[in-house]
Amino acid sequence: AQTVTQSQPEMSVQEAETVTLSCTYDTSESDYYLFWYKQPPSRQMILVIRQEAYKQQNATENRFSVNFQKAAKSFSLKISDSQLGDAAMYFCAYISMDSNYQLIWGAGTKLIIKP
Amino acid sequence: GAVVSQHPSWVICKSGTSVKIECRSLDFQATTMFWYRQFPKQSLMLMATSNEGSKATYEQGVEKDKFLINHASLTLSTLTVTSAHPEDSSFYICSARGGAFYQPQHFGDGTRLSIL
């Protein structure tokens, strides 16, 4: 079965510093898509960044970037210049034909920002 | 863009009543909508997937007679929890997708359902 693993239940970072959240996944597909969503205390799920597996270039979105290592099946999220508003649960998710076109979610990482 | 509105945000009702939750895509056509349930400190659990004009596809273990889903238009899906009981208390989140499977899902704000 397809799985998404987030090995860090909780991470903390000093404001303005950089933090990396890890995510690994298991698949036999070559064509798939990966996402990072954040869920702040308000509990709305917000799309942070998206990566197509066929693209070698790592996706970036302002202070958010990913390190996509296809061979290692790794999809980490780097947050630069951390801000208090970045405090949230971060979920990694995968979708492909072998997931029946449904998002497979990781367990989440709680990110704490220290002022 | 890609705004999804979910109402109500919080509902408290007595055991045995039915509760309807609405999910609307405000600025795009949602060909597919999803309903999730989230337990405290856990990830999202997919309950069902619905396509406009079709019957919803329920995940294993989800009672389709208890959780009625209607996706009558490209901008509206509803989840009705029928004869709700305290064990149905949870956080329910809808999402909508406007295109192919690889397009992002856009989420509503969620509904906190408390059954007394």
Heavy-atom accessible area with a 1.4 angstrom probe orders B:His85, B:His71, most exposed first, as B:His85, B:His71
Of the convex hull enclosing the alpha-carbon atoms of the protein assembly as shown, the direction-averaged projected area in nm² is 12.6 nm²
The rounded separation in angstrom of the Cα centers of the range A:21-78 and the range B:39-116 is 24 Å
10 Å Cβ neighbours from other chains, averaged over peptide A:31-42: 2
Can you list, by residue number, the Cys in chain B that have no neighbouring cysteine C-beta under 4.7 Å? B:Cys13
With a cut-off of 8 Å between alpha carbons and a minimum separation of six or more residues, what is the relative contact order of the range B:40-116 in percent? 21 percent
Debye equation applied to the C-alpha atoms of chain B, log10 I(q)/I(0) at 0.10, 0.23 Å⁻¹: -0.26, -1.36
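Count charges around A:Arg43 for me, please; just the other residues with Cβ under 14 Å from its Cβ, Lys/Arg as +1, Asp/Glu as -1.
The answer is +4.
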For the range A:60-115: span of alpha carbons on each principal axis (Å, largest first): 42, 20, 18
Take peptide A:96-102, look around each residue's Cβ out to 10 angstrom, count Cβ atoms belonging to other protein chains, and average those counts. 3
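From the C-alpha gyration tensor of the range A:17-74, pull out the three semi-axes of the equivalent ellipsoid (sqrt of 5λ each), sorted largest to smallest, in whole Å.
21, 14, 11
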Is there a quick way to get the dipole size of chain B? I mean about its Cα centre, with the Cβ of Lys and Arg at +1 and of Asp and Glu at -1; what is the value in debye to the nearest 20? 100 debye
Give me, ordered by chain and number, the residues 5 or more places off A:Tyr101 or on other chains with an amide H under 5 Å from its own placed amide H. A:Ser96
Volume per residue that the Cα convex hull of chain A spans, once the total is divided by residue count, Å³: 91 Å³
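The values are calculated or read from the model by the stated rules, or taken from the named source; none is laboratory data. Treat the numbers as computed from the prediction; the structure is a model and nothing was measured. Every residue, glycine among them, receives a Cβ derived from its backbone with ideal geometry; neighbour counts consider all protein chains shown. Ligands, DNA and RNA are excluded from the accessible area calculation, which covers all protein heavy atoms including side chains. Shrake-Rupley method; radii C 1.70, N 1.55, O 1.52, S 1.80 Å.
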